[in-house]
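Just so it is clear, none of the values below were taken in a lab; they were calculated from the coordinates. Worth saying up front: this structure is predicted, and the values here are computed from it rather than measured. Positions of Cβ are generated from backbone atoms using ideal geometry, with glycine treated the same way; all protein chains shown enter the neighbour counts.
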Amino acid sequence: DYTWTGGAGDGNWTSEGNWSGGVPQPGADNRVIFDPGAGVTVSVSGYSFNFYLPRTIVVKSGTVEFAANAYANDQGGSSAAPLVLDIAADATLSAAFRLERSVFMNVRKEGGGSLLLSNVSGYDGGFAPLGTFEVCAGEVSISDTMRCTNLVVRAGASFAGAYRLSGKTYGGVTYPLC
């Protein structure tokens, strides 16, 4: 596990001083934990925010904001396991990054908190869209169009935004449909 301390004071994902024990930045197949406290916002930014995604991002409290214009890829990770975004109730992960990979990457949102995504749509050349985007609990709100091969919203969870499946775009959709 890698725990964000923000000790370097610069908000950079790549600064060793921002991680517990001053260890190098986490990478593929790692688990990272943010626990800034209720009502506290942590902004993770820096230079052009390209990084290999850890396998799990946990937000235990407060709000964690990832920088705009970030590119998150999972080329270094285990393709079988999904990226898990585990956001506790009353916590928020706000991310302005494209989720892409050169092969299908699955994403699973867990926990009762909120996931707010923008700039997630990716692009139509060079990289595949997401595989399955699964919302197991809490809420997901997307401010643009997400490209994925399958969208699953479990009972008690919610999804709001537009998504594109197999070349067809579905706009302004909110799940679950009542």
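Annotations
- A Förster distance of 30 Å, applied to the separation of the beta-carbon atoms of Val23 and Ser118, puts the FRET efficiency at 0.50.
- One chain, two ends: Val40 and Glu16. Fully extended at 0.36 nm per residue, the span grows by 6.5 nm beyond their Cα-Cα distance.
- Nonlocal amide H pairs with Val140, under 5 Å, H built at 1.01 Å: Leu115, Ser158, Phe159, Ala160
- Protection-proxy order for peptides 142-152, 105-115, 11-21, each taking the mean of Cβ atoms within 10 Å per residue, highest first: 105-115, 142-152, 11-21
- Full-stretch length increase - Ser158, Thr5 - with 0.36 nm per residue and alpha-carbon distance subtracted: 52.0 nm
- Across segment 141-146, rounded Karplus estimates of 3J(HN,Hα) from the backbone phi angles (6.51 cos²θ - 1.76 cosθ + 1.60, θ = phi - 60°) give 10, 10, 8, 9, 9, 8 Hz, Gly and Pro being marked x.
- Sites Asp90 and Thr145 - FRET efficiency at Förster radius 25 Å, r taken between beta-carbons, to 0.05: 0.30
- Ranked packing of 89-95, 153-159, most packed first, by mean Cβ within 10 Å: 89-95, 153-159
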